[in-house]
Amino acid sequence: MPVERTLAILKPDCVRKNLQGEVIARIQKAGFKILGMKQIRLTKEIAGAFYAVHKGRPFYDGLVEFMTSGPVVPIALEKENAVADYRTLIGATDPKDAAEGTVRKLYADNKGENIVHGSDSAENGRIEVAFFFGESELV
Ligand code: DAT
Ligand code: MG
């Protein structure tokens, strides 16, 4: 299977609940290599640009509001089959639909506040990692 990059983001609810360590431990136990990690506060412009694909959807403004409501932790991950394996680890977007034992099932309150982001394709994995990290920050 091809080695892929995928972008995780520990969202503001994850940081508020002090769950960063729990989620990172699950990522590491699942065999992902952490290439880069930082804590930042997104501006409306940055969050809006990151989620530009969702612009016009009814949840877009709330999503940008939420993602700028506190610090987030983008994490660049690498592994064989990283995109699909990370999405299996985090579970469905809505925690009500997420499989038992997944990060969102365990920790998320609702579909809007769902603890973590994950890229949805290998191409977007590379694009989203590059959105937050320069190549010199990926080690
Ligand atoms: P995912 O984060 O699982 O890739 P997505 O790309 O469809 O899900 O949506 C991006 C984020 O937008 C998602 O994590 C939470 C929010 N969102 C999506 N659909 C929503 C909805 N119906 N109501 C509230 N928030 C929603
Ligand atoms: Mg998505």
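The values are calculated or read from the model by the stated rules, or taken from the named source; none is laboratory data. A quick note: this is a predicted structure, and the numbers were derived from the prediction, not measured. No Cβ is skipped: glycine too gets one built from the backbone with ideal geometry, and neighbour counts run over all protein chains shown. Just so you know, the surface numbers come from the protein's heavy atoms only, side chains and all, with ligands and any DNA or RNA stripped out. Shrake-Rupley method; radii C 1.70, N 1.55, O 1.52, S 1.80 Å.
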Average Cα contact separation per residue, the chain, under 8 Å, 6 or more apart, as relative contact order %: 39 percent
Alpha-carbon Debye profile of segment 76-119, log10 I(q)/I(0) at 0.14, 0.16, 0.28, 0.32 Å⁻¹: -0.29, -0.37, -0.92, -1.09
Solvent accessible area, Å² - residue 88, 1.4 Å probe, full protein context: 100 Å²
Segment 88-139 and segment 2-68: distance between their alpha carbon centers, rounded to Å: 7 Å
Surface share of carbon and sulfur [accessible, 1.4 angstrom probe, percent] for the chain: 52 percent
Hydrodynamic radius of segment 36-111 per Kirkwood, over alpha carbon pairs, in Å: 14.0 Å
Per-residue SASA entry for residue 69, accessible area with 1.4 Å probe, Å² rounded to 10: 50 Å²
Mean residue ellipticity (222 nm) of the chain, computed from DSSP H runs ≥ 4 via -39,500 (n - 2.57), nearest 500: -10500 deg cm²/dmol
Within the chain: Cβ-based charge dipole about Cα centre, in debye rounded to nearest 20 (Lys, Arg +1; Asp, Glu -1): 260 debye
For segment 1-137: accessible area per residue (Å², 1.4 Å): 51 Å²
Long-range Cα-Cα pairs in the chain (distance over 22 Å), rounded percent: 32 percent
